[in-house]
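S.K.: Please find one structure pasted underneath; my questions will follow.
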There are 2 protein chains.
Amino acid sequence: MRVAEGQRADLSPRKLVDAMVSEGVLTAPDSPRGRLLNAAARLFEQKGFTRTTVRDIAAEVGILSGSIFHHFASKEDILRNVMLEVVQYAQARMIHAVARAPTPRDKLRACIRCELEAIHGLAVPGFSILVIEWRSLSAQSQKQVLKLRDAYEATWCEVIDAARPGVDPALTRRLLVGALIHTHSWFKPRGKGLSLEELAEQVLQTFAPE
Amino acid sequence: MRVAEGQRADLSPRKLVDAMVSEGVLTAPDSPRGRLLNAAARLFEQKGFTRTTVRDIAAEVGILSGSIFHHFASKEDILRNVMLEVVQYAQARMIHAVARAPTPRDKLRACIRCELEAIHGLAVPGFSILVIEWRSLSAQSQKQVLKLRDAYEATWCEVIDAARPGVDPALTRRLLVGALIHTHSWFKPRGKGLSLEELAEQVLQTFAPE
DNA sequence: TTGATAACCAAGCGCTTGCTTGGTAGCGTT
DNA sequence: AACGCTACCAAGCAAGCGCTTGGTTATCAA
């Protein structure tokens, strides 16, 4: 695992996905199952889980609704798998970004950028589902996803602790993730206002003033 | 309006509600319509709008599902009215709290406490619906609620601007509301850990360090 | 006493939902 | 040629959904 992460340190997004597919962590995006997961992620993010029907997802990839259940046991099973792949890809991306940043403060900035890019669909389609649709998951599925999310959060806390020794990293992270996720409902990265990089800098200034 | 707010400056929560009921802003909580709104607010907050059925709401107040439509035009009409009353009550409460706080920093602390109490159901049941269930509202209902929400946000921005001159109050408010709302999914005010007042202080320290 | 009104019940309609079933076309392997 | 496997279709079921309809009861003013 550690070795694999190290080996991936200089990979492009495309190659990172390929590597994770070979490891069996992600589903190949051009497979029927992968196309369904991607379509579901897009729709869940756009309309929400309950407002997205299996017929919507099927139509998105050009099959009939019943055929979905050849690939997944239930609608919730789709959501569960979306979350599992999303959280693992997001963490791989973040580890990659952290490794490239020199100073503790640069590492924190990289994490913030990383998550903002994920939230706004520029890098990890479906990331915001992890937070927004948490209640749509059954208790035991939550447990399963939580294990991987804990690892993701642990990485964050390490970075925060290094950049801001003294403050409570867990609390800071919780306030931070709320602030970042909420940008989903007001920030438009393609707009002519604030750019994503500028927003990241403002967030860094707020949570870790120089 | 200004006069009414001034007159309410020393009122208890109970009397504040009564005053707003007489003004026609809120529905009397012990009326059939009021009971339905309160039950709906609780359920929407607990399970989400789409996962709450009109049968759930009806059962909560002890009537049959069809009877709901004697009081409301549609299920969305219930959500709209919940939001309209919630945002107006929340603002009245906040104005009240701000008026009692002496310094700009105290006013900001009061706002943070106010909103935390609202989010965690200690003062304004259904407050988190305003943010979480925004997408469940039709476009024209959003427009209607937005007018009142803008007033609420404007009050916030004034307080932020006074406490932290120089920083962008709108951006700060957006990051802050995200951080606060997200506490809904991890902070338990009745737990033995952090108290709500302590949490408010930590948030104040983060967004407005001395 | 009458009539208006608010609040509700009983029953169910029309639609959408997640999901099931039985079958088939295409493909690579032996 | 026969087989097995993956991916899918065609059709529809059972349940749940928001909402409608027609009628009943209680309250209160005129």
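S.K.: Among A:GLU158, B:GLU117, A:GLU60, A:GLU115, what's the order by accessible area (1.4 angstrom probe), most exposed first?
M.R.: Values: A:GLU158 130, B:GLU117 50, A:GLU60 90, A:GLU115 0 Å².
From most accessible down to least: A:GLU158, A:GLU60, B:GLU117, A:GLU115.
S.K.: Let me ask you something else. Counting only Cα atoms, I'd like the Rg/Rh figure for the protein assembly as shown, Kirkwood definition for Rh. Before the final figure, lay out each step's value.
M.R.: Working: Rg = 22.9 Å, Rh = 23.3 Å.
My calculation of the ratio gives 0.98.
S.K.: What ratio of Cα Rg to 2.2 N^0.38 Å holds for the range B:101-210? Walk me through the intermediate numbers first.
M.R.: On the way: Rg = 14.4 Å, N = 110, 2.2 N^0.38 = 13.1 Å.
After normalising by residue count via 2.2 N^0.38 Å, the value is 1.10.
S.K.: Can you compute the charge dipole magnitude of chain A about its Cα centre, using +1 on each Lys and Arg Cβ and -1 on each Asp and Glu Cβ, nothing else charged? Give it in debye, rounded to the nearest 20.
M.R.: Values: 28 positive and 24 negative charges, 71 e Å.
So the magnitude is around 340 debye.
S.K.: Moving on. Go ahead and run the numbers for FRET between A:ARG55 and B:GLU201, Cβ-Cβ distance against an R0 of 60 Å, rounding to 0.05. Please report the intermediate quantities before stating the final value.
M.R.: On the way: r = 50 Å, r/R0 = 0.83.
Calculated value: 0.75.
S.K.: In addition: At a Förster distance of 22 Å, what's the computed FRET efficiency of A:LYS47 paired with A:SER138, Cβ-Cβ distance as r, to 0.05?
M.R.: Working: r = 20 Å, r/R0 = 0.93.
The formula returns an efficiency of 0.60 here.
S.K.: If you plug each phi of the range A:91-104 into the Karplus form 6.51 cos²θ - 1.76 cosθ + 1.60 with θ = phi - 60°, what whole-Hz ³J(HN,Hα) values come out, in order, with x for Gly and Pro?
M.R.: Once θ is set to phi - 60°, the couplings for the range A:91-104 become 5, 4, 5, 5, 4, 4, 5, 4, 4, 7, 7, x, 8, x Hz.
S.K.: Over the Cα atoms of the range B:2-207, compute the convex hull volume and normalise it per residue, giving Å³. Present the calculation step by step, with values, prior to reporting the outcome.
M.R.: Working: hull volume 26.8 nm³, N = 206.
Convex hull of Cα atoms, per residue: 130 Å³.
S.K.: With chain A treated as a Gaussian network of Cα nodes joined by springs under 10 Å, which of A:LEU26, A:LEU122, A:LEU43 yields the largest mean-square fluctuation?
M.R.: Judging by the Gaussian network model, the answer is A:LEU122.
S.K.: Okay, next question. Please list the non-local residues whose amide H lies under 5 Å from the amide H of A:PHE187, H modeled 1.01 Å from N, same-chain partners needing a gap of 5 or more.
M.R.: Answer set, sorted by chain and number: none.
S.K.: Sticking with this structure for a sec: Could you report the accessible area of B:CYS111 in Å², rounded to 10, computed with a 1.4 Å probe on the protein chains as they sit in the structure?
M.R.: For B:CYS111, the solvent-accessible surface is approximately 0 Å².
S.K.: Grab the other residues whose beta carbon is less than 11 angstrom from that of A:PHE72, score K and R as +1, D and E as -1, and report the net.
M.R.: On the way: positive: A:ARG33, A:LYS75, A:ARG80; negative: A:GLU76, A:ASP77.
Around A:PHE72, the surrounding residues sum to +1.
S.K.: With a sphere of radius 12 Å drawn around the Cβ of B:LYS143, what net charge do the other residues whose Cβ falls strictly inside it have (Lys, Arg +1; Asp, Glu -1)? Kindly include the intermediate steps, with their values, before the conclusion.
M.R.: Values: positive: B:ARG80, B:LYS147, B:ARG149; negative: B:ASP150.
Net local charge, B:LYS143 excluded: +2.
S.K.: Angle, helix B:196-207 long axis vs. longest principal axis of chain B, Cα atoms, 0 to 90°, nearest 10?
M.R.: For B:196-207 against chain B, the angle is about 60 degrees.
S.K.: Starting from the 7 Å offset along Cα-to-Cβ, what nm value, one decimal, do you get for the label separation of A:SER185 and A:LEU146?
M.R.: Each label point is offset 7 Å from its Cα along the Cβ direction, giving 2.4 nm.
S.K.: Here is a further query. Taking the alpha-carbon distance from B:LYS188 and a cut-off under 25 Å, which lysines remain once sequence neighbours fewer than 8 residues away in the same chain are dropped?
M.R.: Answer for B:LYS188, where 25 Å is the Cα cut-off: A:LYS143, A:LYS147, B:LYS47, B:LYS107, listed by chain and number.
S.K.: Net charge around A:THR53, counting only other residues with Cβ within less than 12 Å of its Cβ (Lys, Arg = +1; Asp, Glu = -1)?
M.R.: Taking every other residue near A:THR53 into account, the sum is +2.
S.K.: Then there's this: From the label point of B:ALA99, set 7 Å from Cα along Cα→Cβ, how far away are the matching label points in the other copies, in nm, ordered shortest to longest?
M.R.: Ordered by distance, the counterparts are at 6.0 nm.
S.K.: A further question on this structure: Mind jotting down the distance between the C-alpha centroids of the range B:20-84 and the range A:134-189, whole Å?
M.R.: Using only Cα atoms, the two centres lie 33 Å from each other.
The values are calculated or read from the model by the stated rules, or taken from the named source; none is laboratory data. Just so you know, these numbers come straight off a predicted model, no measurement behind them. All Cβ positions, even for glycine, are placed from backbone atoms using ideal geometry, and neighbour counts span all protein chains on display. Just so you know, the surface numbers come from the protein's heavy atoms only, side chains and all, with ligands and any DNA or RNA stripped out. Shrake-Rupley method; radii C 1.70, N 1.55, O 1.52, S 1.80 Å.
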